[in-house]
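S.K.: Have a look at this one.
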Amino acid sequence: MSTDGRQDSDGAERRLDRKTFVRTALVGGAAVLGGSLPGTAFAKDLGPFSAAGAAAPRKGGNLRVGMTGGSSTDTLDPFTGGFTAIGTSRVQQIYEPLVQLDGNGQVKNVLAEEIIPHGSTSKWIVRVRKGVTFHNGKAFTADDVVSFFHTALNQKAGLTGGLVLTPIDLRGVRKIDKWTVEVPMHTPFGSFPEQLAAIWWVMYVPPAGWKQGDKAIGTGPFLYKSFTPGRESVFVRNPNYWKHDRPYLDSVQILDFSDANALQNALTSNAIDAAGFLTGSQIKILQHTPGIKTVVSKTGAIAPFTMRVDKAPFNDVNVRQAFRYLIDRKAMIATALDGYGTVAADVTSPLDPNYNHALHREQDLDMAKHLLKKAGHGSGLTVKLDTSVAVQPYSPLLATILKQQAKAAGVTINIDQVTPSNYFGPNVYTKVPFAQIYYVYSPYLAQVAQTFLPGCPWPETHFANERYVKLYKEANTTKKAALRREIEHEMQQIDFTQGGYIVPFFVDTLDAYSSKVNGYSQGKVGEALGNYNFEDYYF
C-alpha cells in the first residue's frame, strides 16, 4: 500500500494493516510553545565525547556556559523556570525529575526507581529512589512525590502540566509507604511515564511544602549560589549528590548573551567554555577554529507550520495536503538551516519506538495543483501566514521560503511578521488559520496529548477527529506492545493524510565547546549541550 497519501486527498481515513504550551524554549531570544511500557524502549545516553588522549575525569574547575534568551523576568522556580531553554539549563542543575528523556529520546528513571502499572494502566506505582537527599539535608521520600503531583498539576495555579496529564486522579494520589506512591487514573493511561518525562516545563521535584518564592532547593548535582535574572547564575558542587562520583566540576556559571553572534565571540575569545544553540553558519566557521570543538546532534525537534482545520481554507483536507506537496523540503533545510536538518513527512516523534518510518513525502507540484483545483481553488489561492522570531530566529526566513515555493502551485502567501511580544498573545499563535511553532522532541502520544486532542494545552490546529481520539484512548488502554504499535501507526496515518501540521524537517542542535572541556554528550531531544547534563563535564 502506498504511504504517500495521494489516495487520501478526499479526507477518507485510510488505515494501515493492524499488523501496527509545547514545551517552550527560548532560542536566540525567541519563545517557543514542548520497567518498560508497551511501545516504550529504555536506552542509555550516548557516550560522552572526549578529546583524543584525554585523561580520565578529574575533579575541579569552573564551567562557563553561554546561552541566549534570558530576561529580567527569569526565575529558578522548578515549576515555571523551565519554560525557556536557558531556564531549563539552570533549573536542571538544582532540581531533578522523576523520569526524563535521555540523550536518545527514551525514558529513563531519575528520582523514580521505577514507575509501573498496578494491574491495569488505570493505576500506577511510583517507587522512590532511596539514598537521595535535598540540598538542605532532608531525605527524598514518597511525601515529596505526592506533593509534586499536587503542585505541578494544579491548573488553578496556572501550571499547564495538568492539561497534559489529565487522566491522573489527583485526589487519589497517596503514599503507600515511605518509598512508594500510588497514582490512580480517571481513565487508562498506558503512556504515563513517557508523558511525565515529556513535560519539560514543569517536571522538576522540590521538597514537600515548597512554595513559590522559597529558596531554590533540589536534589540536583549543584547547589544554588547566586542568580541575577538576565545576566548570570552560579551553582557549586553538591557534595552529597546521590551519584557519588558526580559532579566533577567545582561550579557552573551560566551566562546570558543578547544574541548568537555575541555568544560565538565569547567562545572564541575564551570568555566561556561552552555555547548552546548556535546557527549553521556559525558551526561551519567554528569547525575550523583552533581550540574549539563542535557537536551536531540529529534530533526529533520540529518547526511545523500549523493549519487550523476548522478555518478556511484549511478546513478542506485537499488544501492541507496540497500545501504539504508544494514544499521542497531539502531546499528548505539547505537555505533556512544551512543544511543542518533531516527531511520529515509531516508526522512527529521520529525517536519513538513506534514511529512509522515508512511514511514519506516529496514535493509534487502537479499533485498540489490537482488538490487545490479539487478544493475549488483552480484559479489560485491567497492565504496569510503569521510568523515571528518569537518562534525561532529562522522562522521568518522559513516563511519566506514557503512563500517562494508556493508560487509554483498558484498559491500566494502574504506574510505577517508579528512582534515577539504579540505572537504568543491572545490574538495570534493558536487563533490564526496559518502560523508557525517549534517543539523539542516528545514521544508520540505525549506530542498528541500536547497538541492534537480536544482540550489540549496548545491547540494550534484545532484538530478534532473522533476516530483519532478513540485510537489514542485505545493506545493508552492496551498493555500489549504489538497492539499499541499498530494503533499508533494508524494514528500517524491520520496525521499524514488529514492532520494540520506541516513538518518539513527535524532540526539539528548545534553546540560548540572549548577543547579543554570533556564529558559532554549529544542530545537528540533538541535541547542544547547534551541536555545540560553538566554533572558529567570535566576539564
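S.K.: Identify all residues within region 473-489 that are touching a strand residue (DSSP E or B) at 6+ places or on another chain (Cβ under 9 Å), part of a helix (DSSP H, G or I) and surrounded by fewer than 20 Cβ atoms within 10 Å (Cβ to Cβ); write none if there are none.
M.R.: Across region 473-489, the qualifying residue is only 477.
S.K.: Also, I was wondering about something else. Restricting to region 128-144, name every residue that is over 26 Å from the mean Cα position of the chain (by Cα) and closer than 22 Å to residue 169 by Cα.
M.R.: 141, 142, 143
S.K.: What tally of residues in region 54-79 results from selecting those that are polar (S, T, N, Q), farther than 11 Å from residue 256 by Cα and in a loop (DSSP other than H, G, I, E, B)?
M.R.: Residues in region 54-79 being polar (S, T, N, Q), farther than 11 Å from residue 256 by Cα and in a loop (DSSP other than H, G, I, E, B): 2 in total.
S.K.: Can you pull out every residue in region 320-332 that is over 22 Å from residue 491 (Cβ atoms) and crowded, with 23+ Cβ neighbours inside 10 Å?
M.R.: 322, 326, 327
S.K.: Residues in region 57-80 that are surrounded by 24 or more Cβ atoms within 10 Å (Cβ to Cβ) and in contact with a Gly (Cβ under 6 Å, 6 or more places away or on another chain): how many?
M.R.: Qualifying residue count, region 57-80: 4.
S.K.: Looking at this structure, is residue 310 surrounded by fewer than 19 Cβ atoms within 10 Å (Cβ to Cβ) and either hydrophobic (A, V, I, L, M, F, W, C) or over 27 Å from the mean Cα position of the chain (by Cα) (or both)?
M.R.: Criteria not met by residue 310.
S.K.: Can you pull out the residues in region 386-442 that are surrounded by 19 or more Cβ atoms within 10 Å (Cβ to Cβ) and of a type in the set (Lys, Arg)?
M.R.: none
S.K.: Take the conditions aliphatic (A, V, I, L, M) and buried (at least 23 other Cβ atoms within 10 Å of the Cβ) and apply them to residue 101. Does it pass?
M.R.: Against the criterion (aliphatic (A, V, I, L, M) and buried (at least 23 other Cβ atoms within 10 Å of the Cβ)), residue 101 qualifies.
S.K.: Consider region 458-472. How many of its residues are buried (at least 17 other Cβ atoms within 10 Å of the Cβ) and either within 22 Å of the chain's Cα centre (by Cα) or closer than 24 Å to residue 196 by Cβ (or both)?
M.R.: 9
S.K.: Of the residues in region 140-178, how many are of a type in the set (A, V, I, L, M), farther than 14 Å from residue 79 by Cα and loosely packed, with under 15 Cβ neighbours inside 10 Å?
M.R.: Going through region 140-178 one residue at a time, the tally reaches 1.
S.K.: To continue, here is another question. Taking residue 316, is it within 24 Å of the chain's Cα centre (by Cα) and either of a type in the set (Asp, Glu) or at pLDDT below 95 (or both)?
M.R.: Criteria not met by residue 316.
S.K.: If you check residue 523 against the conditions, is it under 30 Å from residue 235 (Cα atoms), part of a loop (DSSP other than H, G, I, E, B), at pLDDT below 95 and not hydrophobic (A, V, I, L, M, F, W, C)?
M.R.: yes
S.K.: From (1) under 21 Å from residue 533 (Cα atoms); (2) modelled with pLDDT of 95 or more, pick out the condition that doesn't hold for residue 257.
M.R.: Tallying (1) under 21 Å from residue 533 (Cα atoms); (2) modelled with pLDDT of 95 or more, residue 257 fails exactly one: (2).
S.K.: Looking only at region 421-457, how many residues end up being in a loop (DSSP other than H, G, I, E, B), within 13 Å of the chain's Cα centre (by Cα) and of a type in the set (Phe, Trp, Tyr)?
M.R.: Within region 421-457, residues that are in a loop (DSSP other than H, G, I, E, B), within 13 Å of the chain's Cα centre (by Cα) and of a type in the set (Phe, Trp, Tyr) number 2.
S.K.: Mind listing whichever residues of region 140-176 are touching a helix residue (DSSP H, G or I) at 6+ places or on another chain (Cβ under 6 Å) and in a strand (DSSP E or B)?
M.R.: 175
S.K.: For region 188-228, enumerate the residues that are small (Gly, Ala, Ser), in a loop (DSSP other than H, G, I, E, B), surrounded by 19 or more Cβ atoms within 10 Å (Cβ to Cβ) and touching a Ser or Thr at 6+ places or on another chain (Cβ under 8 Å).
M.R.: Selection gives 190, 191.
S.K.: Just to check your reading of the model, which residue among 103, 82 is assigned to a loop (DSSP other than H, G, I, E, B) and at pLDDT below 90?
M.R.: 103
The values are calculated or read from the model by the stated rules, or taken from the named source; none is laboratory data. If you're wondering where the values come from, they're calculated on a predicted model, not measured in any experiment. Glycine gets a Cβ as well: all are built from the backbone with ideal geometry, and neighbour counts include every protein chain shown.
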